[in-house]
Structure formats: C-alpha cells, structure tokens
Amino acid sequence: AQSVAQPEDQVNVAEGNPLTVKCTYSVSGNPYLFWYVQYPNRGLQFLLKYITGDNLVKGSYGFEAEFNKSQTSFHLKKPSALVSDSALYFCAVRDSMDSSYKLIFGSGTRLLVRP
Amino acid sequence: SAVISQKPSRDICQRGTSLTIQCQVDSQVTMMFWYRQQPGQSLTLIATANQGSEATYESGFVIDKFPISRPNLTFSTLTVSNMSPEDSSIYLCSAERQGKETQYFGPGTRLLVL
C-alpha cells in the first residue's frame, strides 16, 4: 500500500534562512512525487513534481526538492525563506503502476517564517 | 496547467439537507477527482468521477451519501446528502490530463453543517 509521512507538524524558520520540509514515502512500484502548498482559505497549489530523471527538481517560487531513492525521501527545500512562504505544505505520492491515478497525501507540515 | 473553479465557495447548511457542489475545468481533462479535507486534517480521496459512467468510490465513501455526476470532460458535481455536522469540511475537486502526471485543484468549497 502507498503511504506518505511528513514527520513534522510545524517547521519554524527565520526569514532569509534556508528551509527544509521533510517527506518520506512508500510505494510498491516507482514513485511519482509531488509537493503542494495551501494558503489560508485557498485550495491546493502545485509546487513541483518528480516523475523521472534528475533527482533535483525545481518548482515554483524558488522551491526545489530532492528525490532520494535509497532513503525513500523527497524533502522540500528553499535556500532563503520569505515570510510569504508561511503556509501548509503537503507531500503526495502516486505509484507509477497504479492506473487509478490516485494521489496519497501526507498529513501536512505548517511552515512558519518569522520576520 | 488547468484552471478549476468550484461553486459555491462556502455554505452553511442545516442537518438533514443536501448540497451540490459544482466543479468546472477550463479545458477537457481525462480524470476528475473529489477530495475531503476535514478541519486540521489532510486530504482524503472520496471518489474518481468517471465521464459517462458511475464514479469509483474509495473505502468508507458510498454513492448514496456522495452521489457524483460527470456529464462531460470539463464538468462534475458532488452532492453531500442528508448532511450532519460531521460532514463539515472543505471539499476539493481536482483534474488531470492524460500524460501530464499532475493533478490541479480547485479552490475548494467550505461547508459548515449546523
């Protein structure tokens, strides 16, 4: 069965410092991995994805994530955090062998960037 | 990317009533989905809305409670039937085009049942 773990309920970082939001996954086949962000009273916005190829993927708003197959991780990173990055972040996985296109979401990590 | 709109954006309903949520995509998509996000929780897939056939429901969700329609490749509805306060959630639709490997989400419908 597919699963996603986001071990931190909340991450606190000072503006200008680097940030990391952690995600680990479990799938039977090859993973398709995604990060989404949810701002207050808004829907989910797509940030980036890993399907195949280069393990380091770059996405919107300066975010990037690194796929690590041996550690089954897909951590979200940003070199310099902004106060406006404060939001709820979700990691999601899909099994490439699953024809249902079903996404499994992690529990979410709240990022708080203080000025 | 796909632009997805939902109506209504929010509603307050009385228990025992039903609410139908509409989801419109700006272009034809292969897959459409409905999710529930309970307060402070993550997203849970309710069902896959199949064009021209019955929706595929996830464990714990049934058609009588959450009937879904998808009459064409750009539109779907989710009805929350015989509502109770436990149905108070955000309901989100998403869509994906074949081969694009990315689901895009609508802004959500915030439902409060009294």
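The values are calculated or read from the model by the stated rules, or taken from the named source; none is laboratory data. Given the structure is predicted, the values throughout are model-derived calculations rather than measurements. As a convention, Cβ positions derive from the backbone with ideal geometry for all residues, glycine included, and neighbour counts pool all protein chains shown. These area figures cover heavy atoms from the full protein model, side chains too; ligands, DNA and RNA do not enter into them. Shrake-Rupley method; radii C 1.70, N 1.55, O 1.52, S 1.80 Å.
Starting from the alpha-carbon convex hull of the protein assembly as shown, give the projected area averaged over all orientations, in nm².
12.4 nm²
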Fill in the blank from the handout: Residue-normalised value, i.e. accessible area per residue, for chain A at 1.4 Å probe, in Å², stands at 48 Å²
Fill in the blank from the handout: Per the 1/(1 + (r/R0)^6) rule, R0 = 30 Å and r from the Cβ atoms of A:E64 and B:T30, FRET efficiency to 0.05 is 0.60
Practice task
First check a/c for chain A, with a ≥ b ≥ c the square roots of the eigenvalues of its C-alpha gyration tensor; if it is under 1.5, answer rounded, and if not, answer prolate when a/b is larger than b/c or oblate otherwise.
Solution key: prolate
Practice task
Enter the accessible area of A:D98 (Å², nearest 10), with the probe set to 1.4 Å and all protein chains included.
Solution key: 40 Å²
Handout entry: Spin-label pair B:F75/A:N30, simplified geometry with 7 Å Cα→Cβ offset, distance in nm
Key = 3.9 nm
Exercise for the section: Only loop residues by DSSP count here, and only those with at most 10 other Cβ atoms within 10 Å; note down the GluC sites (Glu not before Pro) in the range B:1-87 that meet that. Expected result: none
Handout entry: Computed lengthening from A:D54 to A:D98, 0.36 nm per intervening residue step minus Cα-Cα distance
Key = 13.6 nm
Exercise for the section: Kindly state, as a whole number, the per residue volume in cubic angstrom of the convex hull around the alpha carbon atoms of the range A:1-54. Expected result: 130 Å³
Handout entry: Rounded to the nearest 10 Å², the accessible area of A:D9 at probe 1.4 Å
Key = 120 Å²
Exercise for the section: Please give the solvent-accessible surface of B:S69 in Å², to the nearest 10, using a probe radius of 1.4 Å with every protein chain present. Expected result: 50 Å²
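I need the calculated FRET efficiency for the pair A:T20 and B:T56, taking r as the beta carbon distance and R₀ as 30 Å, to the nearest 0.05.
Details: r = 36 Å, r/R0 = 1.20.
With a Förster radius of 30 Å, E is 0.25.
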Completion exercise
So for R0 = 35 Å, FRET eff. of B:S18-A:K77 from the Cβ-Cβ r, to 0.05, ends up at 0.20
